[in-house]
Amino acid sequence: MIASVIVDVPAKQTDRPFDYLIPDHLEGVIKPGMRVIVPFGPRKIQGFVVSIHSTSEIKKLRDIVETMDINPVLNEELLQLGDWLSEHTLCYRISAYQVMLPAALKAKYEKRVGLVTQIDQLSPMLQHVFQDESIVDFDVIDQSLVKVLQKEIGNGNVEFIYEVKERMNKKKRKYVIPVITASELRQSLEKISGQAIKQRELIHFFLNHPKPIALQQLLAETQASSSTIKGLVSKGILREEEVEVYRDPYEDRVFERTQALKLTEEQTEVITPILSTIEEELHKVFLLYGVTGSGKTEVYLQSIQRVLEKGKEAIVLVPEISLTPQMVKRFKGRFGDAVAVLHSGLSTGEKYDEWRKIQRKEVRVVVGARSAIFAPFENLGIIIIDEEHETSYKQEENPRYHARDVAIERAKKYRCPVVLGSATPALESFARAKKGVYDLLTLAKRMNSGPMPAVEVVDMREELREGNRSMFSRVLLEKLKDRLDKKEQTVLFLNKRGHSSFVMCRDCGYVVNCPDCDISLTYHRSNERMKCHYCGFESPVPSNCPECQSEYIRYFGTGTQKIEEELGKVLPEARVIRMDVDTTSKKGAHERLLTDFGEGKADILLGTQMIAKGLDFPKITLVGVLSADTMLHLPDFRASEKTFQLLTQVSGRAGRHELAGEVVVQTYTPDHYSIELASLQNYDLFYDKEMQMRKLHHYPPFYYLSLITVSHENLMKVVSVTEKITAYIRSSLSSEAIVLGPVASPIPRIKNRYRYQCLIKYKREPQLGKAIKTVLDQYQQESASTGLIISTDVNPYILM
């Protein structure tokens with residue numbers, strides 16, 4: 001039999017199946033979706049088996065070396081999805097298959113050099129390298145010997161070996177097991193002397209608990225020592241055995257089981273069409289448009305319940321930042337051990353174990369961030385994407401897929417519904433729902449029928465004019481004091497995205513920039529250093545201006561640390577929990593801080609993006625937004641939409657239970673429509689206004705976008721290549737398409753590489769994919785030799 005294999009070489013020439021013979025001992029073992037190691041040129045590399053057949057056009061075939069898996073890691077449907085992905089995002093098939101696997105399964109290669117002949121046959125320069133070893137790591141060989149090495153390889157005295165290593169380790173735990181029957185255990189008691197009290201106690205223990213038990217647990221429960229256990233092992237009474245166990249991030253947590261809640265009239269109305277598509281096994285896409293606090297999660301839970309009753313499986317995607325312990329608790333509480341959780345807070349090993357539970361069909365619900373969309377289920381009944389407007393559902397490196405598109409593609413195969421939920425849907429989704437491409441379901445009221453929180457917009461320019469130079473407006477300060485008196489809680493939100501603390505000279509205006517990127521360095525208070533968030537360059541803060549030597553060099557911008565200090569001055573009695581990258585970098589810190597806040601150990605929760613979503617605490621009655629407009633000034637056509645969404649989401653944290661909520665939004669641009677309409681919580685009006693702007697400037701959803709970015713260390717090279725590409729694309733498309741460029745990217749240099757781009761806006765261009773592929777193929781050789789990088793993004797979310 002012959003296997004067709006996609007090899008692990010991402011290049012145009014290798015982006016097709018290669019045929020290999022299946023050796024006799026692997027006949028019947030190798031199946032499509034398995035990873036194998038195959039000879040490719042002089043080296044051995046991994047590849048994915050995509051099909052098996054009995055004939056090949058190639059006469060002389062090489063054998064597969066070995067298999068890396070016992071069971072296929074990709075099922076039939078995921079293999080087909082890989083083909084769709086490579087076509088849809090213009091990536092290589094190997095990249096599409098790799099993205100579906102957990103990090104622990106991504107192989108790494110180790111280069112080694114092996115001795116083929118006697119050591120004295122070698123060049124004297126190499127003899128010391130192989131002193132006692134017949135195989136050595138290539139990395140430890142001095143670079144000056146490479147030429148000699150090549151010559152010896154040519155003479156057949158030495159061979160170059162690529163070893164494919166997997167990164168994952170399975171976790172093992174020692175278990176103790178009785179080897180003999182209960183009656184034999186009783187007999188052994190008579191043979192053991194009365195002095196060996198501990199050994200006798202252990203035998204009594206196993207008479208009452210005959211099952212295998214973890215060694216640690218046994219030691220804890222019986223207070224015995226390891227030597228006692230070893231004594232019984234040597235007598236042939238007990239046996240120690242390494243058993244593979246899952247790394248469970250939630251193993252020491254007990255989740256209280258919850259029951260389905262009674263649905264409100266509105267919820268019943270929206271869940272009915274979802275349940276009927278599940279019953280009839282129809283593929284439909286629903287847009288569940290429900291205000292914050294309207295009970296979307298309960299609709300998800302009860303839809304999943306119906307899917308599980310039918311013996312099928314469910315995938316739930318939530319944005320990384322709202323994958324809070326609260327969210328996990330809701331799903332684990334309802335479905336117990338049937339749930340696997342995948343998110344970036346888990347270690348590589350934990351992710352791998354969660355993935356294996358899915359693959360072994362030990363769980364039926366997956367809750368996770370973007371990559372969980374590739375969970376290896378084979379009988380999907382529903383896919384839910386919560387907060388579907390979130391930009392984190394789009395992957396920014398190859399393959400540049402959007403989880404929503406992948407979800408819809410998978411659901412077509414399984415004839416099941418996709419539910420997209422949001423209080424502020426993406427404009428593209430809402431436009432599709434309006435046109436009838438998606439089915440629109442609306443939840444307009446909150447669960448407790450409570451009012452939406454009252455929102456007050458404060459013009460910070462007025463505050464400045466009246467002499468208030470603090471970060472807090474007078475209104476917000478009064479309300480903060482009021483909440484402290486009433487023992488209620490407040491969330492203070494700092495919109496940091498696109499707004500960092502930079503260092504500037506107040507005499508000459510010099511701003512400290514990164515030497516390798518065209519962007520200012522960000523000031524980090526905790527260690528008094530400045531960092532570039534693009535390339536990682538770091539430097540200490542200068543005491544004098546490098547340009548004019550003035551000592552008036554200060555940092556500008558507000559960070560959470562600075563706000564925490566100011567809170568300490570104006571409200572010394574307030575207990576503050578700060579949540580930002582610095583305080584949540586340790587594993588479990590996120591959960592601990594939120595638990596403390598939920599238990600009332602603090603009055604104010606201060607944080608960035610990560611506190612905008614998913615929080616649901618009864619005592620929060622005030623939300624303060626300290627800088628509403630920092631994102632409005634980014635070079636991004638979605639800036640207004642993102643600002644509106646964020647303000648609506650964060651306002652929704654207040655007054656979700658019995659107590660009424662209030663929101664104070666501080667801004668320097670109070671008359672911008674996204675801020676005005678977010679304060680009114682009026683999505684429909686915002687949608688109409690923003691759609692006019694998008695139509696006027698030819699942006700989605702009226703046009704599709706594709707972005708081609710060219711980067712190289714030589715500026716002239718970048719400009720000339722981008723010019724050629726733009727001219728070629730223009731000539732390949734119809735006159736309807738708008739091709740903009742070449743133009744420098746908004747950040748024109750990163751890591752000393754200049755960046756230029758070409759943006760294409762179009763409605764229907766069947767030739768575009770072909771034209772972009774031609775461009776990529778044309779420059780592939782040059783990319784390898786000169787370091788030119790050309791990246792394409794179909795439907796880009798970040799134009800920076």
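Considering each residue of segment 73-106, count those that are open to solvent by 50 Å² or more (accessible area, probe 1.4 Å), without any contact (Cβ under 8 Å) to a residue 60 or more places away in the chain and within 19 Å of P10 (Cα to Cα), and give that number. Steps first, answer last, please.
To start, the set of residues in segment 73-106 that are open to solvent by 50 Å² or more (accessible area, probe 1.4 Å) comprises 76, 80, 83-84, 87-88, 92, 106.
The next check asks that each one be without any contact (Cβ under 8 Å) to a residue 60 or more places away in the chain; those that pass are 76, 83.
From what's left, within 19 Å of P10 (Cα to Cα): 83.
Selection size over segment 73-106: 1.
Of all residues in segment 590-609, how many are under 15 Å from V328 (Cβ atoms) and either among the small types (G, A, S) or open to solvent by 30 Å² or more (accessible area, probe 1.4 Å) (or both)? Show your work before the answer.
We begin by selecting, within segment 590-609, every residue under 15 Å from V328 (Cβ atoms); these are 590-592, 594-595, 598.
When the remaining residues are screened for being either among the small types (G, A, S) or open to solvent by 30 Å² or more (accessible area, probe 1.4 Å) (or both), the result is 590-592, 595, 598.
Selection size over segment 590-609: 5.
Could you tell me which of the residues Y289, Y246, Y300, Y250 is part of a helix (DSSP H, G or I) and among the aromatic types (F, W, Y)? Before you say what the answer is, go through the steps one by one.
Working: Y289 fails: part of a helix (DSSP H, G or I); Y246 fails: part of a helix (DSSP H, G or I); Y250 fails: part of a helix (DSSP H, G or I).
Of Y289, Y246, Y300, Y250, the one residue that is part of a helix (DSSP H, G or I) and among the aromatic types (F, W, Y) is Y300.
Here is a list of conditions, (1) crowded, with 20+ Cβ neighbours inside 10 Å; (2) modelled with pLDDT of 95 or more; (3) farther than 14 Å from A96 by Cα, and E387 meets all of them except one; can you say which number that is?
(2)
What number of residues in segment 699-749 are outside any loop (DSSP other than H, G, I, E, B) and among the aromatic types (F, W, Y)? If you could, list the steps in order and put the result at the bottom.
Residues of segment 699-749 outside any loop (DSSP other than H, G, I, E, B): 704-712, 715-732, 738-749.
Subset that is among the aromatic types (F, W, Y): 704, 728.
Number of matching residues: 2.
Within segment 325-336, can one find any residue that is aliphatic (A, V, I, L, M), open to solvent by less than 30 Å² (accessible area, probe 1.4 Å) and touching a residue at least 60 places away in the same chain (Cβ under 8 Å)?
As a first pass, look at segment 325-336 and keep what is aliphatic (A, V, I, L, M): 327-328.
Checking which are open to solvent by less than 30 Å² (accessible area, probe 1.4 Å) leaves us with 327-328.
Add one more test, that the residue is touching a residue at least 60 places away in the same chain (Cβ under 8 Å), and what stays is 327-328.
Yes, there is a match, as at least one residue in segment 325-336 is aliphatic (A, V, I, L, M), open to solvent by less than 30 Å² (accessible area, probe 1.4 Å) and touching a residue at least 60 places away in the same chain (Cβ under 8 Å).
Could you list all residues from segment 348-395 that are more than 15 Å from the chain's Cα centre (by Cα) and assigned to a strand (DSSP E or B)?
Those that are more than 15 Å from the chain's Cα centre (by Cα) and assigned to a strand (DSSP E or B): V365, L380, G381, I382, I383, I384.
Can you pull out every residue in segment 754-800 that is in a loop (DSSP other than H, G, I, E, B) and open to solvent by 70 Å² or more (accessible area, probe 1.4 Å)?
Just the residues of segment 754-800 that are in a loop (DSSP other than H, G, I, E, B), to begin with: 763-767, 779, 787-788, 795-800.
Scanning segment 754-800 gives K763, R764, P766, Q767, I798.
In segment 753-783, which residue that is among the aliphatic types (A, V, I, L, M) and touching a residue at least 60 places away in the same chain (Cβ under 8 Å) is nearest to L733 (Cα to Cα)? Please lay out each step first, then the result.
From segment 753-783, those among the aliphatic types (A, V, I, L, M) are 759-760, 768, 771-772, 775-776; that's our starting set.
Keeping just the survivors that are touching a residue at least 60 places away in the same chain (Cβ under 8 Å) gives 768, 772, 775-776.
On the way: L768: 7, I772: 11, V775: 14, L776: 17 Å.
Of everything passing the filter in segment 753-783, L768 is nearest to L733 (Cα to Cα).
With the condition kept exactly as written, say whether any residue in segment 567-574 is in a helix (DSSP H, G or I), at pLDDT below 85, in contact with a strand residue (DSSP E or B) (Cβ under 8 Å, 6 or more places away or on another chain) and under 15 Å from V491 (Cα atoms). Full working, then the answer.
Applying the first criterion (in a helix (DSSP H, G or I)) to segment 567-574 yields 567-570.
Imposing the further condition that a residue be at pLDDT below 85 reduces the set to none.
So far as segment 567-574 goes, no, none of its residues is in a helix (DSSP H, G or I), at pLDDT below 85, in contact with a strand residue (DSSP E or B) (Cβ under 8 Å, 6 or more places away or on another chain) and under 15 Å from V491 (Cα atoms).
Given the conditions (1) open to solvent by less than 50 Å² (accessible area, probe 1.4 Å); (2) assigned to a helix (DSSP H, G or I); (3) farther than 20 Å from T643 by Cβ, report the number of the one that L420 does not fulfil.
So the condition that L420 fails would be (2).
Would you pick out the residues in segment 656-675 that are under 15 Å from Q645 (Cβ atoms) and among the charged types (D, E, K, R)?
Within segment 656-675, no residue meets the criteria.
Looking only at residues in segment 287-296 that are in contact with a helix residue (DSSP H, G or I) (Cβ under 6 Å, 6 or more places away or on another chain) and of a type outside the set (A, V, I, L, M), which one is modelled with the highest pLDDT?
Once the filter is applied, the top-ranked residue is G290.
Taking only segment 180-217 into account, find how many residues are in a helix (DSSP H, G or I) and either more than 17 Å from S234 (Cα to Cα) or not small (G, A, S) (or both).
Our first condition is that a residue be in a helix (DSSP H, G or I); within segment 180-217, this holds for 182-191, 197-208, 215-217.
Narrowing further to those that are either more than 17 Å from S234 (Cα to Cα) or not small (G, A, S) (or both): 182-187, 189-191, 197-208, 215-217.
Residues in segment 180-217 being in a helix (DSSP H, G or I) and either more than 17 Å from S234 (Cα to Cα) or not small (G, A, S) (or both): 24 in total.
So that you can scan it fast, the table gives a plain yes or no per residue for (1) closer than 29 Å to F556 by Cβ; (2) in a helix (DSSP H, G or I):
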position: L622; (1), (2): yes, no
position: E641; (1), (2): yes, yes
position: Q645; (1), (2): yes, yes
position: T648; (1), (2): yes, yes
position: G655; (1), (2): no, no
position: E658; (1), (2): no, no
position: V665; (1), (2): yes, no
position: E676; (1), (2): yes, yes
position: D684; (1), (2): no, yes
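Looking only at residues in segment 1-52 that are open to solvent by 50 Å² or more (accessible area, probe 1.4 Å), part of a strand (DSSP E or B) and at pLDDT below 95, which one is nearest to M100 (Cα to Cα)?
K44
If only one of I70, I58 is surrounded by fewer than 13 Cβ atoms within 10 Å (Cβ to Cβ), in contact (Cβ under 8 Å) with a residue 24 or more places away in the chain and either aliphatic (A, V, I, L, M) or closer than 27 Å to T792 by Cα (or both), which one is it?
Going through I70, I58 in turn, the sole match is I58.
Quick check on segment 430-462: of everything there that is in contact (Cβ under 8 Å) with a residue 24 or more places away in the chain and assigned to a helix (DSSP H, G or I), which residue is nearest to G624 (Cα to Cα)?
M460
Taking the residues in segment 507-521 that are touching a Phe, Trp or Tyr at 6+ places or on another chain (Cβ under 7 Å) and not hydrophobic (A, V, I, L, M, F, W, C) as candidates, determine which candidate is nearest to E713 (Cα to Cα).
D516
Working only within segment 149-179, note down all residues that are modelled with pLDDT of 80 or more, more than 14 Å from L115 (Cα to Cα), buried (at least 17 other Cβ atoms within 10 Å of the Cβ) and of a type in the set (A, V, I, L, M, F, W, C).
V176
Failed condition for S449, given (1) touching a Gly at 6+ places or on another chain (Cβ under 9 Å); (2) surrounded by fewer than 24 Cβ atoms within 10 Å (Cβ to Cβ); (3) farther than 21 Å from M100 by Cβ, with all others met?
(1)
The values are calculated or read from the model by the stated rules, or taken from the named source; none is laboratory data. These numbers were taken from a predicted model, which means no experiment stands behind them. Virtual Cβ from ideal backbone geometry, glycine too; neighbours counted across all protein chains shown. Accessible surface is based on the protein model in full, side chains and every heavy atom, while ligands, DNA and RNA are left aside. Shrake-Rupley method; radii C 1.70, N 1.55, O 1.52, S 1.80 Å.
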